[in-house]
Amino acid sequence: MPKINYSDESLDDCIHISPHLILFDFGIKDYQLEVMSNPQFKKILFKTSNSLIPFDLFGASFWFLTRYEEYLPHKSDKYNRFNYKYSLAFQYDFIDIPIVNLWLNEFKEILKTQFPNLIFAEREYNFLSSIDIDNAYKYKYKGFVRSLAGIVADRNYKKIKLRFQIILNKVKDPYDCYDFLLSAHKQFKIQSIYFFLLGDYGPNDKNHSASDLRFQSLIKHLADYSLVGIHPSFGSTNNLQQIKVETSRLTNITHKIITKSRQHFSILNFPQTYLNLIQAGILNDYSMGYKDCNGFRASYCFPFKWYSLDIESISALTINPFCLTENSLIAESDKQSINIEKLAKTLIDEVKKYNGQLISIFHNDSYNQKIKDFYLSFLKLAE
């Protein structure tokens, strides 16, 4: 019978993994970490003297999946977000690899060698295209006051003329890409999800009013063909009641129970963000990734349950990691003078290698003709 020995004792006829303290300690501790290169497992931490599996694979995986480093003291940006540059994965150059999946894949091969009759369930790769709608239209349906303020800010005859042409429905609004998206997803048979920002208007939440019937009509239309979720506003940060209000707004518009979310501005603070989402009835979150860097924040490309280090307990919340955004791809492509399709394909191939779940983020306000062309190529690569 296949057996794994996860202890410091030496036993016969077992796969032996020597444990680190991390899975046996209580509380959050700042362990001294040493990341080492390894020809089979690429990078390892919690090294042991074991020759077959030379590190605590379980403890190291736990460290990444719980985002242990984000509970420890760290430098944050002006929005109090964890900076990817301080992550272990970025500093040791494996942020573009779901290294926990790599470890598990190598572990599976070891098990198959030791126990040839062992049968593994195989996963299937899947792709979900997600669209953040922070601002449904650039000029349309803004209301008199906001439109007047925009005209004053334009101070340019051509811009003012274009604004009036769009308001009068003579020219299409530049953020109105919804027919294109529905057609593209239908063409490639792609599952998609739209996250709607329905918070109160503020400096970082410049969305349309949730009470605008025309905005509501758009939401209902997209919900007929795709999944929908709430995009908790910047103003809802650490404000459980506001998250509940915004989720309720989307429920009332779609007449569907809303259980999916992604944080606006990628505001993700451990553990408070996830605790609030759970209390608001969210069962699936799609915020696990970096706003300014493509790659794997949790070093993993499968959905997984969130484990709270504060209360030492697994939760009902499923985390769905994303690994790329169109804005980060554009910035990296411009910075390194690398073809944007090539950058995207590298990440897509990583997820496909492990039959993982690929989740991308695009924004409706990005779809100029160049991005539309890229998006079609991207869907073909990702299908």
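Derivation of every value follows stated rules applied to the coordinates shown; laboratory data play no part. These figures come from a predicted structure and were not determined experimentally. Cβ sites come from the backbone with ideal geometry, for glycine too, and all protein chains shown count toward neighbours.
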- From the phi of every residue in the range 56-72, what ³J(HN,Hα) in whole Hz does the Karplus formula 6.51 cos²θ - 1.76 cosθ + 1.60 yield, where θ is phi - 60° and glycine or proline is x? 7, 4, 5, x, 5, 5, 4, 4, 6, 5, 7, 6, 3, 5, 7, 7, 7
- When Lys and Arg each count +1 and Asp and Glu each count -1, what net charge do the other residues less than 13 Å away from residue 196, Cβ to Cβ, add up to? 0
- Query: Taking +1 at the Cβ of each Lys and Arg and -1 at the Cβ of each Asp and Glu, which of 254, 129, 316 sits farthest along the dipole of the chain towards its positive end, judged by Cα position relative to the Cα centre?
  - Reply: 254
- Message: How many angstrom lie between the Cα centre of the range 323-383 and the Cα centre of the range 58-107?
- Response: 22 Å
- Under the helix-only model (-39500 (n - 2.57) for each DSSP H run of 4 or more, divided by the residues of the chain), the mean residue ellipticity at 222 nm, to 500 deg cm²/dmol, is -10500 deg cm²/dmol
- Query: Using a simple charge model, +1 on the beta-carbon of Lys and Arg, -1 on the beta-carbon of Asp and Glu, nothing else, what dipole does the range 220-323 show about its Cα centre, in debye to the nearest 20?
  - Reply: 260 debye
- Net charge dipole size for the chain [Lys, Arg +1 and Asp, Glu -1 on Cβ; Debye, nearest 20]: 2040 debye
- Label selected from [x] 23.1, 82; [y] 21.6, 70; [z] 22.9, 75, the criterion being Rg and Dmax of the Cα atoms in Å as computed here: [x]
- Counting only DSSP beta bridges with both partners in the range 4-114, the antiparallel fraction in percent, to the nearest 5, comes to 60 percent
- For the range 300-314, Karplus-derived ³J(HN,Hα) couplings (6.51, -1.76, 1.60; θ = phi - 60°; whole Hz; x for glycine and proline) come out as 8, 10, 10, x, 8, 6, 6, 10, 8, 5, 5, 10, 6, 8, 7
- Cα gyration tensor shape for the range 27-148, rounded if a/c is under 1.5, else prolate or oblate: oblate
- Which entries in the list 3/108; 140/372; 43/112; 42/85; 43/335 go over 18 Å, if you measure between the two C-alpha atoms of each? 140/372; 43/112; 42/85; 43/335
- Query: What are the GluC sites (Glu not before Pro) within the range 40-144 that DSSP puts in a loop, where the Cβ has at most 16 other Cβ atoms within 10 Å?
  - Reply: 122, 124
- The answer for residue 199, listing residues at least 5 apart or on another chain whose modeled amide H is closer than 5 Å to its amide H, is 233
- Query: Mind listing which trypsin sites (Lys or Arg not before Pro) in the range 49-132 are in a DSSP loop and have 13 or fewer other Cβ atoms within 10 Å?
  - Reply: 75, 78, 123
- Among all the lysines, which ones have a C-alpha under 22 Å from residue 256's C-alpha, if same-chain residues fewer than 8 places away are not counted? 220, 244
- Over all alpha-carbon pairs of the range 296-383, lay out the pair-distance distribution in 10 Å bins, whole %, shortest bin first. 15, 42, 27, 13, 4
- Message: Quick check for me: using +1 on Lys/Arg Cβ and -1 on Asp/Glu Cβ, what's the dipole size of the range 1-55 about its Cα centre, in debye to the nearest 20?
- Response: 300 debye
- Task: Using +1 at the Cβ of each Lys and Arg and -1 at the Cβ of each Asp and Glu in the range 4-114, identify which of 39, 59, 74 lies farthest towards the dipole's positive end.
- Result: 74
- Note on the structure: Residue-ordered couplings for the range 374-383, obtained by feeding phi - 60° into the Karplus form 6.51 cos²θ - 1.76 cosθ + 1.60 and rounding to whole Hz (Gly and Pro as x), are 5, 4, 5, 5, 5, 4, 5, 5, 8, 5
- Item | Hits among aspartates and glutamates - C-alpha to C-alpha of residue 75 under 18 Å, sequence gap 8 or more where chains match | 30, 292
- Query: Which loop-located trypsin sites (Lys or Arg not before Pro) does the range 176-215 contain, where loop means any DSSP state but H, G, I, E or B and the Cβ has at most 14 other Cβ atoms within 10 Å?
  - Reply: 189, 206
- Task: Mind listing the long-range amide H neighbours of residue 360? Cut-off is under 5 Å, sequence gap 5 or more, other chains count too, H placed in the peptide plane at 1.01 Å from N.
- Result: 128, 130
- Query: Taking other Cβ within 10 Å of each residue's Cβ, how do 370, 244 sort, fewest first?
  - Reply: 370, 244
- Roughly how many whole Å is it from the C-alpha centroid of the range 1-39 to that of the range 214-281? 39 Å
- Using modelled amide H (1.01 Å from N, peptide plane; none on Pro or chain starts), what sits under 5 Å from the amide H of residue 194, excluding residues fewer than 5 places away? 131, 227, 228, 229
- Task: Please work out the ratio of the alpha-carbon Rg of the range 167-250 to 2.2 N^0.38 Å and round it to two decimals.
- Result: 1.21
- Item | Relative contact order (percent, whole number), the chain, Cα cutoff 8 Å, 6+ residue spacing | 19 percent
- Note on the structure: Rounded to two decimals, the Debye log10 I(q)/I(0) of the range 210-320 (Cα scatterers, no solvent) at q = 0.22 Å⁻¹ is -1.28
- State the antiparallel share, in %, of DSSP beta bridges confined to the chain, rounding to the nearest 5. 25 percent
